[in-house]
1. Contact list please: Cβ distance under 7 Å, first residue in the range 164-181 and farther than 21 Å from K194 by Cβ, second residue in a helix (DSSP H, G or I), pairs at least six apart or on different chains.
2. Kindly state which helices (runs of 4 or more DSSP H) lie completely within the range 2-120 and contain at least 3 residues that are at pLDDT below 90 and closer than 21 Å to L270 by Cα.
3. Tally the residues that are under 15 Å from L264 (Cβ atoms) and in contact (Cβ under 8 Å) with a residue 60 or more places away in the chain, restricting the search to the range 233-253.
4. Pick out the one residue from L202, L162 that is farther than 19 Å from L99 by Cβ, among the hydrophobic types (A, V, I, L, M, F, W, C) and surrounded by fewer than 19 Cβ atoms within 10 Å (Cβ to Cβ).
5. Scan the range 254-272 for residues that are crowded, with 17+ Cβ neighbours inside 10 Å and either without any contact (Cβ under 8 Å) to a residue 12 or more places away in the chain or part of a helix (DSSP H, G or I) (or both) and jot them down.
6. For the range 252-266, does any single residue satisfy the condition of being within 21 Å of S34 (Cβ to Cβ), in contact with an Asp or Glu (Cβ under 8 Å, 6 or more places away or on another chain) and of a type in the set (D, E, K, R)?
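The values are calculated or read from the model by the stated rules, or taken from the named source; none is laboratory data. Owing to the predicted nature of the structure, the values given are computational and were not obtained by experimental measurement. Don't worry about glycine lacking a Cβ; one is built from the backbone with ideal geometry, like all the others, and counts go over all protein chains shown.
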Amino acid sequence: MTVFRNKPEAFFDLVVHDVNRTPGLTGASAGFESGEWRNEEMADYLYEWLPEFALKYSDLEDLNSSTAVRLIKKAAKTVFTTKKYKKRGEFGELLLHALIREIFGSEPAISKIYYKSALNETVKGFDAVHVVENDGELELWLGEVKFYKSISSAIRDVKQELEDHTRNDYLRDEFILISSKIDSRWKHREQLNKLISSRKSLDTVFKCICLPVLLTYESSCVSSHTETCEEFKHSLKEELQKAYEKFTEGNLPPIRIHLFLVPLDKKEELISILQNKLEGLQR
C-alpha cells in the first residue's frame, strides 16, 4: 500500500477551480474565523504535510507509532534551523506541496529538501517534483513558487523563472538530478526514470509535464473583510481574475501550466506563526 494514500482533511475553500482554462486556475482561500484570517489554522494544516514534504519515501514507509516522534523531528530539522527565516522559500514550497496533493492527488517523486547537503542550504531547481497518475500513465509536475507580498512582483519573477527553467539544457540537468534521487522503494521509480530518460525526446516529455505555479500575495480583499460571505467571495473572484489576466499577458512556455493563487492577510504574521510551530516540532 502506498504511503501517500492517506491525506489530511481538506482545508482550503476553492473560490475558483478551473482545469479547463489554459493555463488552469485555482484560487484557494483560508477563510476567516471570529473575524480573523485563519493563519493559525493554515499553519497547523500545512504541518500535517511536513513528514512527506521533508522525508524520503523509505522513511515514510517506516513511519509508525514508535518512530513518529523521531521522524517528525527529523523532518522539521530538515526544513531549516536558521533564525534568518523571513526570506526563506520553504514555507511556500510546503504550501504548494499541500495544494497539489490535496487537489490533484499527486505523489512527491522526491523530497528535494531531504537531499540538502547542509541543514540551512537553499535548494536550487524546481520547488516541487511530483507525479500524477492517470490511467496508468504518469504526468510529471514540476513546481515553481513565489511566496510574496506583491502579486505584481510574484508574476514578474515567476515568469522569468518559467522561461529559464523550461530551456532544454536546464531540464536535462534537472532530470539527471531527479533520477539520482528517486527512492528505490517507490513504485513509480522505473516508470518515471523512463519518462525523463536522456534517450527520450523532450518533445515527447513536454506532453507529460505540468508546471504548477504557486503565487501568494497580500490581498486587499482579505484585509477589507472579516467573514467569508458572498460579497467577499465575489470580490475575491474579481481580484483573482485580475491576477490571472496579468499572469497570462505575453508569452508563456508551450507546456501545460496550472496557476495557484493564494491570498494572504499579513505575510509576515503567517511566517512568524509557521516559524514558531516549526521550532516547536524541532525540540
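1. That search, which allows pairs on different chains as well, returns D164/Y170.
2. Working: elements: 39-48, 50-54, 57-61, 68-79, 90-104.
Helices (runs of 4 or more DSSP H) meeting the threshold: 68-79.
3. The qualifying residues number 3.
4. On the way: L162 fails: farther than 19 Å from L99 by Cβ.
Matching residue, one of L202, L162: L202.
5. Selection gives K267, L270, I271.
6. For the range 252-266, residues within 21 Å of S34 (Cβ to Cβ), in contact with an Asp or Glu (Cβ under 8 Å, 6 or more places away or on another chain) and of a type in the set (D, E, K, R): present.
Residue-wise test of (1) surrounded by 15 or more Cβ atoms within 10 Å (Cβ to Cβ); (2) modelled with pLDDT under 95.
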{"position": "F126", "(1), (2)": "yes, yes"}
{"position": "D135", "(1), (2)": "no, yes"}
{"position": "E139", "(1), (2)": "yes, no"}
{"position": "F147", "(1), (2)": "yes, no"}
{"position": "L171", "(1), (2)": "yes, no"}
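For every residue, the table says whether it meets (1) in contact (Cβ under 8 Å) with a residue 12 or more places away in the chain; (2) touching a helix residue (DSSP H, G or I) at 6+ places or on another chain (Cβ under 9 Å); (3) small (G, A, S); (4) crowded, with 18+ Cβ neighbours inside 10 Å.
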site	(1), (2), (3), (4)
P8	yes, yes, no, no
T26	yes, yes, no, yes
Y45	yes, yes, no, yes
P51	yes, yes, no, yes
D59	yes, yes, no, yes
D62	no, yes, no, no
K73	yes, yes, no, no
